[in-house]
Amino acid sequence: MKVVVTAHARKRLQDLRQEQIHEEDIRAAAKSIPGYIPTATRFRGFIAVSGRPFDLVVKDVPAGRLVITIIGK
């Protein structure tokens, strides 16, 4: 499955709250979600390689799985 990270999500990775979370962490987390997600949904409880917890808001679109935003803890 292809994972598409929005420009907004990439920008959020630069914020202090999301530091130590990398795009590779986001892609791995998005791919680990099973099933089809027809509407934007928040998924909680992911852990980056650095140990930083985060949540994702994702939705499935024809181009693949769209990562709308990242919420760092």
Do any residues in segment 1-25 that are closer than 17 Å to R52 by Cβ have Cβ atoms under 9 Å from those of residues that are of a type in the set (S, T, N, Q), where the two are at least six apart or on different chains, and which pairs are they?
-> A9/T69; R12/Q18; R12/T69; E19/S50; Q20/S50; I21/S50; H22/S50; D25/S50
Please indicate, with yes or no, whether at least one residue in segment 19-32 is in contact with a strand residue (DSSP E or B) (Cβ under 6 Å, 6 or more places away or on another chain) and among the hydroxyl-bearing types (S, T, Y).
-> no
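For segment 3-56, which residues satisfy the criterion of being surrounded by fewer than 11 Cβ atoms within 10 Å (Cβ to Cβ) and in a loop (DSSP other than H, G, I, E, B)?
First, pick out the residues of segment 3-56 that are surrounded by fewer than 11 Cβ atoms within 10 Å (Cβ to Cβ): 7, 14, 16, 24, 32, 34-36, 38-39, 44-45, 50-51.
Once the filter is applied, which keeps residues that are surrounded by fewer than 11 Cβ atoms within 10 Å (Cβ to Cβ) and in a loop (DSSP other than H, G, I, E, B), segment 3-56 yields Q14, P34, G35, Y36, P38, T39, S50, G51.
Would you check if V61 is over 8 Å from the mean Cα position of the chain (by Cα) and among the β-branched types (V, I, T)?
yes
Each reported figure results from applying straightforward, stated rules to the coordinates on display, with no laboratory input. For clarity, every value in this text was computed on a predicted model and none was experimentally measured. Heads up, the Cβs are rebuilt from the backbone with ideal geometry, glycines too, and the neighbour counts pull from every protein chain shown.
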